[in-house]
1. Just checking, does segment 86-107 include any residue being more than 16 Å from ligand 1 (Cβ to nearest atom), out of contact with any Gly (no Cβ under 7 Å at 6 or more places or on another chain) and among the aromatic types (Phe, Trp, Tyr)?
2. What pairs come up if the first residue lies in segment 183-198 and is charged (D, E, K, R), the second is surrounded by fewer than 24 Cβ atoms within 10 Å (Cβ to Cβ) and part of a strand (DSSP E or B), and their beta carbons are under 8 Å apart, counting only those six or more places apart or on different chains?
3. Filter the helices (runs of 4 or more DSSP H) completely within segment 143-239 down to those with at least 1 residues that are among the basic types (Lys, Arg) and surrounded by fewer than 24 Cβ atoms within 10 Å (Cβ to Cβ).
4. Of the conditions (1) open to solvent by less than 70 Å² (accessible area, probe 1.4 Å); (2) within 25 Å of LEU88 (Cα to Cα); (3) not charged (D, E, K, R), GLN334 satisfies every one except a single condition; which number is it?
5. Report yes if some residue within segment 167-174 is touching a Phe, Trp or Tyr at 6+ places or on another chain (Cβ under 8 Å) and of a type in the set (Ser, Thr, Tyr); otherwise report no.
6. Collect the residues in segment 100-135 that are open to solvent by 50 Å² or more (accessible area, probe 1.4 Å) and farther than 22 Å from LYS331 by Cβ, keeping them in residue-number order.
7. Suppose the filter is modelled with pLDDT of 95 or more and polar (S, T, N, Q); does GLN378 pass it?
8. Between a residue in segment 37-52 that is among the hydroxyl-bearing types (Ser, Thr, Tyr) and any residue that is at pLDDT below 90 and part of a loop (DSSP other than H, G, I, E, B), which pairs come within a Cβ distance under 8 Å, given they are 6 or more apart or on different chains?
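The values are calculated or read from the model by the stated rules, or taken from the named source; none is laboratory data. Treat the numbers as computed from the prediction; the structure is a model and nothing was measured. Note that we place each Cβ from the backbone using ideal geometry, even for glycine, and neighbour counts take in every protein chain shown. Side chains are part of the model used for accessible areas, which takes the heavy atoms of the whole protein and leaves out ligands, DNA and RNA. Shrake-Rupley method; radii C 1.70, N 1.55, O 1.52, S 1.80 Å.
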Amino acid sequence: MKALTWQGKQKIGLMNVPDPRILSGGDVIVKVTTAAICGSDLHLYDGYIPTMQKGDILGHETMGEVVEVGPLVKKLKVGDRIVIPFDLGCGKCHHCKEEEYSACDNSNPNPLILDKLYGQSGAAAFGFSHMMGGYAGGQAEYIRVPFADTNSLLIPKGIDDEKVLFLSDIFPTGFMAAENCNIKRGDTVAVWGAGPVGQMCIRSAFLLGAERVIAIDHYNERLKMAAQCGAETINYEEADGLIDELKARTGGRGPDACIDAVGLEAHGHTVTAALDRVEAAVGLVTDRCDALRLAIMACKKGGTVSVPGVYGGYVDHFPFGVAFGKGLNFKMGQTHTQKYMKPLLDLILADKIDPSFVITHRISIDEGPNAYKTFNDQKNECIKVVLKMH
Ligand SMILES: [Zn+2]
Ligand SMILES: [Zn+2]
């Protein structure tokens, strides 16, 4: 089969690789119909995530048709259409039973690195390095889905792939980030980063009752997309003093909640951001956290900072004293995707939201390597790339 593979920093290869096979009784094999490239795939592309190996199949936003079913699978049969969550739960451990699927104790067969780095390893993810399990991803013609009863959402007939594909990651991720803001009627939520996850945060915040959402980015096309659903926008390159601007727009108090949907590759313009770049260049820090710092500074006292943006290691110049002094609440982490897929599918079926609004590019797998470059280089026009596989 054809697959998009990681070949080193900023090198993606279209390769012919062996088809996946059933390896365990709970597996299914899926013929991929549609997949997407995620902002977090760019962290791999840019070489920020360790333990990638040449030839690893990328992709964690995937859906398709079940073509083979392991003997222990109970809920799926050949011909079913499913969306596959990006992170893998075993369905049986303490955390899976608590619906904390991204904290699954069993799905990562290579937990030792994260055990050492984090104290405990979380769940594995598709196509996201060997320390995250080394599972082949879904930017391929076929994918093996382990623990398939847990890691699948059955899609009813007659609904377009593009409407439901993002249940695999960015819609649940944006929704959980907004839910983590503990939004009350009348609240104002500020969202750093109007990329695909940021867009889902913005719409989810409105769905959860926010009165105002302020989108912050430096790409005008992304801000325009945010404005389409009623968000206010700030281009931080054009504003003088983002914190002052946010204060001015919120009666001097600051937003009730701030979401960092940027993560470890924040392109900041402050002194600490410049320091990050220098330190990252010489290997002193792994993550650049300018958006997070600004979110902490801007948030109202006693407010919530919610972080769906991906971080991997250590951050420097983290204003912990500010967070303490203001009594902020923090919520963060990888999405418990499986918990959200069904309720969010119901919102889509009820026409409350159509997540396909975020798609700007539709391509075939052959155009994949170029699409990574376009997505990386032209973040203004290229917001979400979808791969049509079959
Ligand atoms: Zn993703
Ligand atoms: Zn589990």
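1. No, there is no match, as no residue in segment 86-107 is more than 16 Å from ligand 1 (Cβ to nearest atom), out of contact with any Gly (no Cβ under 7 Å at 6 or more places or on another chain) and among the aromatic types (Phe, Trp, Tyr).
2. Correct list of pairs: ASP187/ARG212.
3. Because the criterion is at least 1 residues that are among the basic types (Lys, Arg) and surrounded by fewer than 24 Cβ atoms within 10 Å (Cβ to Cβ), the helices (runs of 4 or more DSSP H) in segment 143-239 that meet it are 161-164, 220-227.
4. Single failed check for GLN334: (1).
5. yes
6. Listed by number, the residues that qualify are ASN106, PRO109, ASN110, LEU112, ILE113, ASP115, LYS116.
7. Here the answer is no, as GLN378 does not meet what is asked.
8. What qualifies is SER40/GLY263; SER40/VAL310; TYR48/LEU264; TYR48/THR286; TYR48/GLY312.
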